[in-house]
Structure formats: structure tokens, C-alpha cells
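The values are calculated or read from the model by the stated rules, or taken from the named source; none is laboratory data. Predicted, not measured: the structure shown is a model, and the values here were computed from it. Cβ placement follows ideal geometry from the backbone for every residue including glycine, while neighbour counts extend to all protein chains displayed. All accessible areas refer to the heavy atoms of the entire protein, side chains included, with ligands and DNA or RNA removed. Shrake-Rupley method; radii C 1.70, N 1.55, O 1.52, S 1.80 Å.
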Amino acid sequence: MDSSLAGRVALVTGGGRGLGLAMAEAVARAGATVALLDVRDEVHDAAGQLGAATGADVVGVTADVTDEASVEAAFADVADRLGVVDALVNAAGVADTTSALDITPERFRWIVDVNLTGTFLVCRAFARRLVDAGQTGSAVTIASMSGLRVNRPQDQAAYNASKAGVAMLTKSLAVEWLPLGIRLNSISPGYFASEQTLDVPRNSPEQFAEWMAHTPVGRMGEPHELGPLAVYLLGDASAYVVGQSIVIDGGYTAL
């Protein structure tokens, strides 16, 4: 059994469901105590179920990553219950396929606010608490292959731009904070089977066929395939990996 994160306190944003919850399970099974953070109240049920399934100490926290006060309160709550967070997975995010001609400025800002500003606020709260405690830590952000490649046929300029920003933000923070003992990397997933993407083969088979035609593996990734990469990047085995955006996309960006 993997114990590479034993003794660590991990926080996973967007951890109430989907890919965030899948990565949280891997982190828990690697020995960490885990806090799931999500804007949805269902995160508390998810925490209970994950704790029962893994035997790990897991708590749920309701917070909005776009609200600095909410983020700070969440970190304080987790510190009181589990200890200072020293492993972070920033998985909270939203997608949108409104065309650039039609998207409202408010909608555009919301996507950037959740995906990019939210990632920054969470990373900063994480780093500040580590510095105050005199501890070191590691963080993983979730970018996307869409920050590297304009994947079609969906229109998602706002999403693509926000995820490209996440990758560069991560590189910038990695360089700035490495002297503080805080290491950051990002993961850029391709098409993974989640609540959102599973609707595509059911409702838009032509769009799904185009996705698969550009994915050499010929299938979507399974959520559990992200977990080991997140665990590796959080753990000491990746100590020489700094400021990277690791693509896991079934070969999509290789074409």
C-alpha cells in the first residue's frame, strides 16, 4: 500500500465530486489526512463516504474559491481540525462552451474568476500558512490540455484562456516560492470521464467522435488514472520536478 503521503495534511478543492474527489481518494490512500473543499454542501457527505471507503481521516469544508475571506476561513477551519495543510490539490473549476461572439463579460469574468483567480487565492492562503508555521509543502494545480491546444469542435475561448493562465501562474509561483520550501506543479488533463464529459457521447455523438479521432488512445481517461500523478507530484519522489505542467491526455496534444 502506498504510504508516500503519510503524515501529510492535504486539501483538495473541487473535492466534492468528479476528478477532484478521485484525486482526493488517491491522496487518502497514500496516507494523508484529507480535507475536501467545495462550494456545494454535498461535500460533507462525500467526505464521510471517502473516509469510510479509505479509513483515512477526511473532513468536508464548504467554501467559495473566488472569495478570499471564504478561502481563509476554510484554511483556518482545516488547521483547527487536522493541522496546517502541507499538500494541496487545486481542482475547483468550471467550463463553458459559449462562443466568443455571444459570451457576456460577466460570464467570461466568472470563468476566469473560478479557474484562475480561485487557484491563486487558494495557493496564496496555502503558502502564507506554511510560511507562518515554518513548514514546507507541495501543491498541484489543475490546468488543461485546452491551455495548450484549441481543442475542437466546442467553442471555449474563456475556458482555454483561464487554463493557460493556471499553467503560467503555477510556473511563476513555483519559481517565487521554491526558496520558501513550497513546490508547485500543474496537471493538464485531456478528456476524462466526468459528470460533464459523459453527457457528450450520449447527447452529441458526432462531437464525441471528433474528440476520439484526435485522441490516439481512442478513449477518455478514467478518473482513477489522475490520482497516481497527483500523489507523485505531491510527494518527495518528485522533489526535482518544479513548475512543470504534466499533460495526461491519451496523446491528444502529441498530434
Worksheet item: Which residue pairs have Cβ atoms under 7 Å apart, sit 6 or more places apart or on different chains, and have a first residue in the range 148-167 that is more than 17 Å from GLN207 (Cα to Cα) and a second that is part of a loop (DSSP other than H, G, I, E, B) and open to solvent by less than 20 Å² (accessible area, probe 1.4 Å)?
Response: ALA158/ASP96; TYR159/ASP96; LYS163/ALA143; LYS163/SER144; VAL166/ALA143; ALA167/ALA143
Worksheet item: Among all residue pairs at least 6 apart or on different chains, which show Cβ distances below 8 Å where the first residue, located in the range 215-233, is in contact (Cβ under 8 Å) with a residue 40 or more places away in the chain and more than 18 Å from ASN90 (Cβ to Cβ) and the second is buried (at least 16 other Cβ atoms within 10 Å of the Cβ) and not aliphatic (A, V, I, L, M)?
Response: HIS224/GLU25
Fill in: Odd one out for GLU206, checked against (1) within 20 Å of GLN154 (Cβ to Cβ); (2) outside any helix (DSSP H, G or I); (3) without any contact (Cβ under 8 Å) to a residue 60 or more places away in the chain
(2)
Item to complete: Find the residue count for the range 97-112, including only residues that are in a helix (DSSP H, G or I) and open to solvent by 50 Å² or more (accessible area, probe 1.4 Å).
Response: 6
Practice prompt. Out of LEU37, LEU19, report the one residue that is in contact (Cβ under 8 Å) with a residue 24 or more places away in the chain, within 20 Å of ASN185 (Cα to Cα), assigned to a strand (DSSP E or B) and touching a Ser or Thr at 6+ places or on another chain (Cβ under 7 Å).
Written response: LEU37
Worksheet item: Just one of ASP155, ASP96 is of a type in the set (D, E, K, R) and touching a helix residue (DSSP H, G or I) at 6+ places or on another chain (Cβ under 6 Å); which is it?
Response: ASP96
Discussion item. Condition check: open to solvent by 70 Å² or more (accessible area, probe 1.4 Å), closer than 24 Å to LEU36 by Cβ and basic (Lys, Arg). Does ARG129 satisfy that?
Written reply: yes
Worksheet entry | Count of the range 1-16 residues which are in contact with a Gly (Cβ under 6 Å, 6 or more places away or on another chain) and either open to solvent by 30 Å² or more (accessible area, probe 1.4 Å) or assigned to a loop (DSSP other than H, G, I, E, B) (or both) | 5
Worksheet entry | Matching option when the condition is over 23 Å from LEU116 (Cα atoms) and open to solvent by 40 Å² or more (accessible area, probe 1.4 Å), among GLU210, GLU176 | GLU210
Practice prompt. Tell me which residues, restricted to the range 150-170, are part of a loop (DSSP other than H, G, I, E, B), surrounded by fewer than 20 Cβ atoms within 10 Å (Cβ to Cβ) and either within 16 Å of the chain's Cα centre (by Cα) or modelled with pLDDT of 95 or more (or both).
Written response: VAL150, PRO153, GLN154, ASP155
Fill in: Residue selected from the range 51-89 under the condition free of Cβ contacts under 8 Å to residues at least 60 places away in the same chain and part of a loop (DSSP other than H, G, I, E, B), by the criterion surrounded by the fewest Cβ atoms within 10 Å (Cβ to Cβ)
GLY55
Discussion item. As an exercise: evaluate ALA92 against (1) in contact with a Ser or Thr (Cβ under 7 Å, 6 or more places away or on another chain); (2) part of a helix (DSSP H, G or I); (3) among the small types (Gly, Ala, Ser) and give the number of the one condition it does not meet.
Written reply: (2)
Practice prompt. Name every residue in the range 171-189 that is part of a strand (DSSP E or B) and hydroxyl-bearing (Ser, Thr, Tyr), in order of residue number.
Written response: SER186, SER188
Worksheet item: Among the numbered criteria (1) more than 20 Å from ASP113 (Cβ to Cβ); (2) among the small types (Gly, Ala, Ser); (3) surrounded by 13 or more Cβ atoms within 10 Å (Cβ to Cβ), which single criterion is violated by SER186?
Response: (1)
Response to the item:
Among (1) at pLDDT below 95; (2) within 17 Å of ALA143 (Cβ to Cβ); (3) open to solvent by less than 50 Å² (accessible area, probe 1.4 Å), GLN196 falls short only on (3)
